[in-house]
Amino acid sequence: AGFTTARPTRSVTLRRKSRQEEDEETKKLLKNLSGATSVRKHLEDESGDMHLQNKFNKKEFFTSMAYETLPPVIFSPLFAVLMEGPERAYHLINHRLFLPIDKSYQKGNPGIIIFWWIVFIPILYIVQLSFWSVLLYSDEVGIDLWEGILAIMTFLCRNMILSIKYAYYSDEELEGVRAPAPDWTDAHQTRKLIGAGWRFPLEHQGLVEEELKLAQELIDVHLGAPSFKLQSKEAAQFLRKYDCHEEFKADNGHNEDDEVSAAFIVHQYVRKCFGNEIPFGFNAKIANFAPLLTSLTPNILRLSKGQWAFGETHWQKACHAGLFISRFFFFAQLFLFGYIAVHDFMRRRATMKLLGRMTTFPGVRLEEFLTKKDSKGEKKDAELEKAAKKEAEKKAKEAKKALGKVYAQETPLDPPTEEQGEEDTTKMEEGSMEPIRSMLTSLDSPGIENLRVYIDLREGANAFSWVLARRAVKAFGSGYYSRVQAYIGVLFMWSVFAMIALNLLFWSNQKHSSITITYLCFTVFLITICVLTAVSEATKLQEMVTIHRMILKNEIFAIDQTLSDNALHEESQKKGLRSAGRGRSLDERLA
């Protein structure tokens with residue numbers, strides 16, 4: 001069977017059965033709040049092997065390392081045939097462009113095959129030939145041996161990052177890469193990329209929703225059942241009618257008029273924070289300009305010493321060009337992945353901050369987290385805002401026209417009969433008033449800036465719903481999250497290797513050039529900035545655990561203090577004891 005979703009994943013708990021069975025069982029869960037946890041137990045789902053956390057596949061990692069390191073067209077396809085067999089290897093080498101000869105595998109981007117043959121494959125061969133030339137004939141080509149070793153290390157680190165991606169693929173996805181074109185397309189591949197897919201998740205239809213469903217499956221919860229009881233009934237009424245994804249509605253059909261489902265809140269928070277464009281700040285500038293600086297440094301230093309920047313002979317020029325391309329191309333990928341990892345930590349922390357702010361007065365303004373249904377991220381916000389403005393003006397005119405039909409007719413020709421009156425009223429309610437309703441449930445609605453989402457953790461099941469929502473946010477995009485952490489580890493490993501090489505050159509009699517030392521120190525400095533920034537953002541993200549735990553502890557402390565008041569009635573004491581006990585239980589489970 002082919003893949004029917006835009007991104008093949010392990011099937012989600014509530015989507016394995018028929019639509020009718022799913023609807024019936026989901027309704028049962030929504031009626032019972034305890035059904036929000038241990039979903040598989042309530043649905044008697046015994047396919048436990050489908051719910052394992054994302055694991056690192058060591059075999060796939062080392063196999064992919066070999067595929068990426070060996071030259072394409074000849075050596076990597078031959079190795080694929082030895083590892084996979086002829087049929088599976090044919091699909092693999094076309095999907096991963098080791099020998100792109102079949103256009104059916106790249107229907108979404110047919111030009112990539114031409115680009116691969118004209119540009120990328122020749123570059124890879126020039127780079128690898130320059131590596132071997134420097135290793136075997138460093139004196140003849142006029143390039144320091146250690147400069148070549150550092151370039152090779154950068155190439156291997158880039159290959160490690162690509163291999164880590166495949167190591168975190170699910171079994172179904174690994175089979176998809178080895179399946180024919182209709183089953184696995186370039187669209188699936190793009191959604192799995194950190195740079196093209198996860199960098200702009202809203203650009204890929206359904207990616208956020210699929211990852212959110214997968215997060216619920218991984219932690220075995222269903223966010224459609226728990227709800228938040230808002231302090232502002234106006235905000236609750238607005239959100240319950242808000243136009244959003246049909247599977248993440250605020251009104252789940254069973255909650256009260258002043259409640260909104262946890263699924264809606266989490267979905268909107270995630271879309272808002274993960275749809276943000278990477279800010280072009282100091283670190284982004286380093287990520288953009290560092291590859292060019294690191295690639296040109298050795299050539300500039302040669303010029304400063306009166307040497308040829310790219311050698312004298314054709315052989316030397318080819319080797320210098322190969323090393324220059326390797327430094328620029330592979331460092332560009334390393335810095336890009338490193339800064340996307342930093343951005344991912346920042347997006348996750350922003351989502352966690354919204355969860356925390358909604359529990360502290362006065363709460364979160366609706367404008368801060370609501371997103372348009374067709375939002376495509378900040379990349380297209382200007383176009384969307386312009387289109388939304390035109391749409392709002394159009395709806396305003398329609399609403400004015402609808403009201404005019406009712407009130408502007410001061411002298412009707414003939415009085416309507418009773419049946420005609422009822423018919424006209426029905427048409428007005430069902431048709432003419434629709435533009436007005438749309439205006440009152442959109443981001444352009446008047447007075448929306450005064451509405452906020454604020455929940456009291458001591459009221460109803462808010463604390464229970466909040467903890468489940470937090471767990472889902474933490475598990476959201478777990479596969480991508482594991483990968484970005486590994487990418488930072490690869491950058492750190494490169495820095496460690498560079499420092500070992502630097503100490504070896506300083507404390508031994510190894511032949512080396514001052515150009516190599518300068519280049520090495522400069523590169524280590526830039527990568528260290530990227531790694532330290534990532535570690536700093538990851539630490540700030542981890543600090544959100546302490547902040548959220550303090551929120552629960554403050555509520556418990558307030559309840560305990562209230563219970564110490566002798567003026568409390570017996571019923572209030574019982575209610576307070578239950579709230580305090582629930583708060584302590586949730587605090588122990590927070591991570």
statement: Going through (1) touching a helix residue (DSSP H, G or I) at 6+ places or on another chain (Cβ under 9 Å); (2) free of Cβ contacts under 8 Å to residues at least 40 places away in the same chain; (3) farther than 28 Å from PRO362 by Cα one by one, GLU246 fails only at (1)
task: For residues that are open to solvent by 20 Å² or more (accessible area, probe 1.4 Å) and either of a type in the set (Asp, Glu) or touching a strand residue (DSSP E or B) at 6+ places or on another chain (Cβ under 9 Å) (or both), scanning just region 198-216, find the one that is modelled with the highest pLDDT.
output: GLU210
- request: Please go through region 102-129 and pick out each residue that is surrounded by 19 or more Cβ atoms within 10 Å (Cβ to Cβ) and of a type in the set (Phe, Trp, Tyr).
  value: TYR105, TRP116
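Do we have any residue at all in region 291-309 that's in contact with an Asp or Glu (Cβ under 9 Å, 6 or more places away or on another chain), part of a loop (DSSP other than H, G, I, E, B) and open to solvent by 10 Å² or more (accessible area, probe 1.4 Å)? I'd like the intermediate steps shown before the answer.
The initial filter retains those residues of region 291-309 that are in contact with an Asp or Glu (Cβ under 9 Å, 6 or more places away or on another chain), namely 298.
The next check asks that each one be part of a loop (DSSP other than H, G, I, E, B); those that pass are none.
Checked region 291-309: no residue is in contact with an Asp or Glu (Cβ under 9 Å, 6 or more places away or on another chain), part of a loop (DSSP other than H, G, I, E, B) and open to solvent by 10 Å² or more (accessible area, probe 1.4 Å).
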- request: Write out, first by first residue and then by second, each pair whose Cβ atoms fall under 6 Å of each other, whose residues are 6+ apart or on separate chains, and whose first residue, in region 81-101, is closer than 16 Å to TRP116 by Cβ and open to solvent by less than 70 Å² (accessible area, probe 1.4 Å) while the second is among the hydroxyl-bearing types (Ser, Thr, Tyr) and at pLDDT below 90.
  value: ASN94/TYR105; HIS95/TYR105
- prompt: Restricting the search to region 456-492, which residues are charged (D, E, K, R), over 20 Å from SER170 (Cβ atoms) and out of contact with any strand residue (DSSP E or B) (no Cβ under 8 Å at 6 or more places or on another chain)?
  reply: ARG458, ARG470
task: Scan region 103-142 for residues that are β-branched (Val, Ile, Thr) and more than 17 Å from PHE75 (Cβ to Cβ) and jot them down.
output: ILE112, ILE113, ILE114, ILE118, VAL119, VAL134, VAL141
statement: For region 337-358, pairs from a residue that is over 30 Å from THR154 (Cβ atoms) to a residue that is modelled with pLDDT under 90 and of a type in the set (Asp, Glu), with Cβ under 9 Å and 6 or more apart or across chains, are LEU354/GLU368; ARG357/GLU368
message: Looking at PHE328 and the list (1) at pLDDT 85 or above; (2) surrounded by 19 or more Cβ atoms within 10 Å (Cβ to Cβ); (3) touching a Ser or Thr at 6+ places or on another chain (Cβ under 6 Å), which single condition is not satisfied?
response: (2)
task: Filter region 229-264 down to the residues that are open to solvent by 60 Å² or more (accessible area, probe 1.4 Å) and out of contact with any Lys or Arg (no Cβ under 9 Å at 6 or more places or on another chain), then identify the one that is nearest to ALA463 (Cα to Cα).
output: LYS233
statement: Exception for ASN503 within (1) in contact (Cβ under 8 Å) with a residue 60 or more places away in the chain; (2) loosely packed, with under 14 Cβ neighbours inside 10 Å falls at (1)
query: Can you tell me how many residues in region 141-159 are open to solvent by 10 Å² or more (accessible area, probe 1.4 Å) and outside any helix (DSSP H, G or I)?
result: 2
query: Given ARG349, ARG365, ARG357, which one is under 17 Å from TYR480 (Cβ atoms) and surrounded by fewer than 21 Cβ atoms within 10 Å (Cβ to Cβ)?
result: ARG349
query: Among the numbered criteria (1) open to solvent by less than 30 Å² (accessible area, probe 1.4 Å); (2) modelled with pLDDT of 85 or more; (3) not aliphatic (A, V, I, L, M), which single criterion is violated by GLY275?
result: (2)
- prompt: Within the bounds of region 459-469, is there any residue that is open to solvent by 30 Å² or more (accessible area, probe 1.4 Å) and modelled with pLDDT of 90 or more?
  reply: no
- request: Could you tell me whether region 549-561 includes any residue that is under 28 Å from LEU334 (Cα atoms), touching a helix residue (DSSP H, G or I) at 6+ places or on another chain (Cβ under 7 Å), in a helix (DSSP H, G or I) and among the acidic types (Asp, Glu)?
  value: no
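The values are calculated or read from the model by the stated rules, or taken from the named source; none is laboratory data. Bear in mind that the values here come from a model prediction, so they are computed numbers and not experimental data. When we count neighbours, we look across all protein chains shown, and the Cβ atoms used for this are built from the backbone with ideal geometry, even at glycine. Just so you know, the surface numbers come from the protein's heavy atoms only, side chains and all, with ligands and any DNA or RNA stripped out. Shrake-Rupley method; radii C 1.70, N 1.55, O 1.52, S 1.80 Å.
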